[in-house]
2 protein chains.
Amino acid sequence: MSIAPACPLPIQQHETVQMAHGAGGRFSQALMQRIFMPHLSNAFLDQLDDQAKFDIPAGRAAFTTDTYVVSPVFFPGGNIGELAVNGTVNDLAVGGARPLYLSAGFVLEEGLPLQELEIIVRSMAEAARKAGVMIVTGDTKVVGRGQCDKLFINTSGIGIVRRDVSVSCRNLRHGDSIILSGSVGDHGMAIMTTREGLSFQSGITSDSAPLNAMIEAVLEAVPAVHAMRDPTRGGVAATLNELAVSSSAGIEIHEGTVPVRDDVRGACELLGIDPLHVANEGKLVLSVAAEDASKVLEVMRAFDCGRDAAVIGSVVADHPGMVVMRTAFGSRRVIDLPLGEQLPRIC
Amino acid sequence: MSIAPACPLPIQQHETVQMAHGAGGRFSQALMQRIFMPHLSNAFLDQLDDQAKFDIPAGRAAFTTDTYVVSPVFFPGGNIGELAVNGTVNDLAVGGARPLYLSAGFVLEEGLPLQELEIIVRSMAEAARKAGVMIVTGDTKVVGRGQCDKLFINTSGIGIVRRDVSVSCRNLRHGDSIILSGSVGDHGMAIMTTREGLSFQSGITSDSAPLNAMIEAVLEAVPAVHAMRDPTRGGVAATLNELAVSSSAGIEIHEGTVPVRDDVRGACELLGIDPLHVANEGKLVLSVAAEDASKVLEVMRAFDCGRDAAVIGSVVADHPGMVVMRTAFGSRRVIDLPLGEQLPRIC
């Protein structure tokens, strides 16, 4: 359908999402013309068929999905739009895949200011360009006031897995070094301090970032990486526990080696939350043979998002399925999964 | 992660979705073990990595996404779960693709009864089996009471496009026959009469069904089909208008040839809605050279979902970009796009 006009009407401050925008008629077309297409237009999306079609090479594909319900939708360091793109790019990249194509499914609440929607869509377009992916197909639904909270965005993504790579959360091996790409808790604490009205004082910003370029460089240097995960919901603690359980391996981490920004640590203490349980949106946890660790660190540190990369622990023969922290005083404590309710709607 | 226990605890009537179910900790794991894995388990999903990986042949892939926000979530003839699977299967099939893999992203409202969620997940599993696709990756978020309406489901899907097929909404050709696979308005009116409290009297049920087997058979017999669409939001009227505009072609349909069930027609009259504007979830609109029409009809009528297939009109040289109905009295009226707000949250 020919839908991208030469010059769509600018969005006015008083304009909001109407139920009619979601009904598949003229209003839906107008929303496409005025907000989505100006920012997201590309050869695939412009077809406006019910599905995007593209050529793919034979091989191993990766496929992932995530719905973003973060509240508030604008937060220090980003918004729900770029978060939705980066999150799905990262879920593909940690599988050893090169992210290629994304879908975007919106649920909009009646009354959402169109100017806010436009900022979010523009952020998605910028994040996609930065990560080198294309948003090729989409969907928009509108629900009445009070039937969702502003907007939710689902992004699904397709990538092609590198032939020489076989990462999996079941691949941890005894003696592996556990590497973390940078400080923990930034994203979750940026959201929490905003909600608690503390963001101005704290200055904490989300770490939302695409990891695919750094991961590509790491795998180029060391294809034999054993496992990769981005520690989002549940934080580094949940990720390490998943790796330990999936691989039936023990993980020991060393207190003092996990980077935490001072302001994040302070906010965590104020709110009574362990930084290891707090979500990150631009961090990588990686398990690799000890002899490859320094090479991996060197590559990671060349990237902004890996500047503070560090070895935080190792895979041990003891306590399979458990994560244990060795404290500065030599004592040990179990790093457990969070039960769950501390940090709702963080992503 | 080993997550499917031998015998998960049965779901009790009083159990509901808690915020903790969405936080990536132990409660999230329990939800996976007790509700999702027993029904959806397969070799890909069981890996519980952040992405599914599978081998694909080289060629043309199709990729689509849709978020389902239908209200009520249970309706005569189906529920949001099977609708979400069938809808995405159909969006791939109408692109000439064989649907293969689906993702499922849930947004759950705190307080949703777990028994309802289980029924919906079970319906998704059955619908996937029926359509011959696998749900290979997923995501679950929980939002507080009043922050969404029960649950929303995003399904995205990947398929492989048949090599000999090139359907597109820009492919209509002068002289084509326009074929419709069956009666219009069933899904939309099943939802509307339920909302209005008329469902018992009306007996109208949704037509939600997977179209991929029928489409595969049609393309096997007549690979040269020009265009296919499933007339969902905005109904047959919106679909025909999209085809006419995209192809810069005129479409003329003949009153009396469009099948409408008596009860659907009655409900439409009662509510003041044109059945051509009402959503369908198991119907196909197809454009094909006139000489191939009878062959296509024969194939379609061998399927339950194509039993009432009929030629409803043709592509004409006049009025490019417009859809016109020729009435029984010989007069003509324009079939326009609905403006939009008649039927919110129909899918």
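The values are calculated or read from the model by the stated rules, or taken from the named source; none is laboratory data. Because the structure is a prediction, the values reported are computed rather than measured. A quick note on method: Cβ atoms are made from the backbone with ideal geometry, for glycine too, and the neighbour counts reach across all protein chains shown. All accessible areas refer to the heavy atoms of the entire protein, side chains included, with ligands and DNA or RNA removed. Shrake-Rupley method; radii C 1.70, N 1.55, O 1.52, S 1.80 Å.
Is one or more of the residues making up the stretch B:116-137 in the same structural domain as B:Pro38 (by TED's automatic domain parsing), more than 22 Å from B:Val258 (Cβ to Cβ), among the acidic types (Asp, Glu) and buried (at least 20 other Cβ atoms within 10 Å of the Cβ)? The answer is no; no qualifying residue exists. Residue count for the stretch A:215-231, restricted to those that are in contact with a Gly (Cβ under 7 Å, 6 or more places away or on another chain) and open to solvent by 20 Å² or more (accessible area, probe 1.4 Å): 0. Residues in the stretch A:153-207 that are within 14 Å of chain B (Cβ to nearest Cβ), of a type in the set (Val, Ile, Thr) and within 17 Å of the chain's Cα centre (by Cα): A:Ile153, A:Thr155, A:Ile158, A:Ile191.
Out of A:Ala237, A:Ala244, A:Ala221, A:Ala227, report the one residue that is within 14 Å of chain B (Cβ to nearest Cβ) and more than 22 Å from A:Asp207 (Cβ to Cβ).
A:Ala244
Kindly list the number of the only condition in (1) away from every other protein chain (no Cβ under 14 Å); (2) surrounded by 24 or more Cβ atoms within 10 Å (Cβ to Cβ) that fails for B:Gly266. The single condition B:Gly266 does not satisfy is (2).
Scanning the stretch B:183-214 for residues that are part of a loop (DSSP other than H, G, I, E, B), in contact (Cβ under 8 Å) with a residue 24 or more places away in the chain and either open to solvent by 10 Å² or more (accessible area, probe 1.4 Å) or out of contact with any Pro (no Cβ under 6 Å at 6 or more places or on another chain) (or both) yields B:Ser183, B:Glu196, B:Leu198, B:Gly203, B:Ile204, B:Thr205, B:Ser206, B:Asp207, B:Ser208, B:Ala209, B:Pro210, B:Leu211. Of all residues in the stretch A:291-347, those being open to solvent by 30 Å² or more (accessible area, probe 1.4 Å) and either among the aromatic types (Phe, Trp, Tyr) or under 23 Å from B:Ala30 (Cα atoms) (or both) number 11.
Quickly run through the stretch B:232-246 and pick out the residues that are among the hydroxyl-bearing types (Ser, Thr, Tyr) and open to solvent by less than 10 Å² (accessible area, probe 1.4 Å). Within the stretch B:232-246, just B:Thr239 meets the criteria. The combined condition, being out of contact with any Cys (no Cβ under 9 Å at 6 or more places or on another chain), farther than 23 Å from A:Gly188 by Cα and not β-branched (Val, Ile, Thr), is not fulfilled by A:Gly256. Can you confirm whether the stretch A:21-43 contains a residue that is of a type in the set (S, T, N, Q) and within 27 Å of the chain's Cα centre (by Cα)? Checking the stretch A:21-43: at least one residue is of a type in the set (S, T, N, Q) and within 27 Å of the chain's Cα centre (by Cα). When residues of the stretch A:46-71 are filtered for being in contact (Cβ under 8 Å) with a residue 40 or more places away in the chain, open to solvent by 20 Å² or more (accessible area, probe 1.4 Å) and in contact with a Phe, Trp or Tyr (Cβ under 8 Å, 6 or more places away or on another chain), how many remain? Within the stretch A:46-71, residues that are in contact (Cβ under 8 Å) with a residue 40 or more places away in the chain, open to solvent by 20 Å² or more (accessible area, probe 1.4 Å) and in contact with a Phe, Trp or Tyr (Cβ under 8 Å, 6 or more places away or on another chain) number 1. Of the set (1) among the aliphatic types (A, V, I, L, M); (2) under 30 Å from B:Thr194 (Cβ atoms); (3) at pLDDT 95 or above, all apply to B:Leu31 but (3).
Scoring A:Val165 on the criteria (1) surrounded by 24 or more Cβ atoms within 10 Å (Cβ to Cβ); (2) hydrophobic (A, V, I, L, M, F, W, C); (3) assigned to a loop (DSSP other than H, G, I, E, B); (4) in contact with a Leu (Cβ under 7 Å, 6 or more places away or on another chain) leaves a single failure, condition (1).
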